[in-house]
1. Among the residues of segment 15-39, what is the count of those that are within 17 Å of the chain's Cα centre (by Cα) and over 26 Å from residue 182 (Cα atoms)?
2. Select from segment 1-37 the residues that are closer than 24 Å to residue 200 by Cβ and surrounded by fewer than 12 Cβ atoms within 10 Å (Cβ to Cβ) and write down the one among them that is modelled with the lowest pLDDT.
3. Tell me which residues, restricted to segment 80-93, are closer than 18 Å to residue 43 by Cα and surrounded by fewer than 16 Cβ atoms within 10 Å (Cβ to Cβ).
4. May I ask you to list the residues in segment 47-79 that are touching a helix residue (DSSP H, G or I) at 6+ places or on another chain (Cβ under 9 Å), on the phi < 0 side of the Ramachandran plot and crowded, with 18+ Cβ neighbours inside 10 Å?
5. Do the conditions hold for residue 201, that is, is it more than 20 Å from residue 58 (Cα to Cα) and exposed (fewer than 13 other Cβ atoms within 10 Å of the Cβ)?
6. Does residue 164 satisfy the criteria of being under 28 Å from residue 11 (Cα atoms) and modelled with pLDDT of 90 or more?
7. Going by the conditions given, is residue 123 surrounded by 15 or more Cβ atoms within 10 Å (Cβ to Cβ) and more than 24 Å from residue 23 (Cα to Cα)?
8. Residue 134 fails exactly one of the following numbered conditions: (1) touching a helix residue (DSSP H, G or I) at 6+ places or on another chain (Cβ under 8 Å); (2) in a helix (DSSP H, G or I); (3) surrounded by fewer than 20 Cβ atoms within 10 Å (Cβ to Cβ). What is the number of that condition?
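The values are calculated or read from the model by the stated rules, or taken from the named source; none is laboratory data. Predicted model only: the values in this text are computed from it and were never measured. Cβ placement follows ideal geometry from the backbone for every residue including glycine, while neighbour counts extend to all protein chains displayed.
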């Protein structure tokens with residue numbers, strides 16, 4: 001009898017190898033801000049990025065979103081090297097990434113539903129399907145009666161929930177959240193994280209959360225621990 005062929009291993013959605021990022025200083029030297037040797041993750045996984053202040057958590061999320069290019073190493077998403085994107089990075093980010101910023105970043109001159117619809121247009125969703133999903137998400141997040149409110153008329157917890165809705169609206173393959181509970185009380189923190197996890201599971205998105213919050217760490221099955229670089233300097237920025 002011919003032995004059965006081994007099952008193929010699914011390619012990870014995200015692969016990080018030998019990652020390092022330096023920031024140039026005013027005197028021309030460069031300071032190491034982030035170092036991570038290896039990471040791989042697939043659709044539907046949920047990871048917490050942890051570490052002390054200055055360990056590069058936000059820098060790491062910015063690299064994953066192709067907002068900045070790493071100084072060294074490679075980040076591959078669905079087989080595509082983010083370092084090689086160039087001008088296509090913005091279009092890729094709009095379609096593939098949902099980002100919950102630490103400071104929320106809702107547009108102040110637009111109502112809540114308008115904020116989501118603008119994000120939907122940028123990500124390429126049709127207005128009909130986007131409107132239906134936006135209204136549904138806002139309802140599930142307890143914001144059904146706030147759709148016309150501008151951010152200044154929302155509480156901090158409401159703005160954070162709105163930011164979650166905006167990030168998952170287009171069901172992106174990867175959702176990044178930077179300290180999504182940092183300014184929230186315990187009840188709002190539980191609400192935001194439970195809904196973020198639930199919505200990502202539904203769309204099988206890879207969820208990566210940078211956090212100091214111990215309660216958030218306990219909710220996420222995988223931890224990525226970053227260490228604060230110990231005064232690693234160079235005379236010039238590494239190539």
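1. Residues that pass the stated criteria total 2.
2. 9
3. Within segment 80-93, the first condition is being closer than 18 Å to residue 43 by Cα, and the residues that meet it are 80-82, 92-93.
Within segment 80-93, 80, 81 qualify.
4. If the condition is that a residue be touching a helix residue (DSSP H, G or I) at 6+ places or on another chain (Cβ under 9 Å), on the phi < 0 side of the Ramachandran plot and crowded, with 18+ Cβ neighbours inside 10 Å, then 48, 49, 50, 63, 64, 65, 70, 75, 76, 77 are the ones that fit.
5. Values: more than 20 Å from residue 58 (Cα to Cα): yes; exposed (fewer than 13 other Cβ atoms within 10 Å of the Cβ): yes.
Yes.
6. Values: under 28 Å from residue 11 (Cα atoms): yes; modelled with pLDDT of 90 or more: yes.
It is true that residue 164 is under 28 Å from residue 11 (Cα atoms) and modelled with pLDDT of 90 or more.
7. Working: surrounded by 15 or more Cβ atoms within 10 Å (Cβ to Cβ): yes; more than 24 Å from residue 23 (Cα to Cα): yes.
Answer is yes for this residue.
8. The single condition residue 134 does not satisfy is (3).
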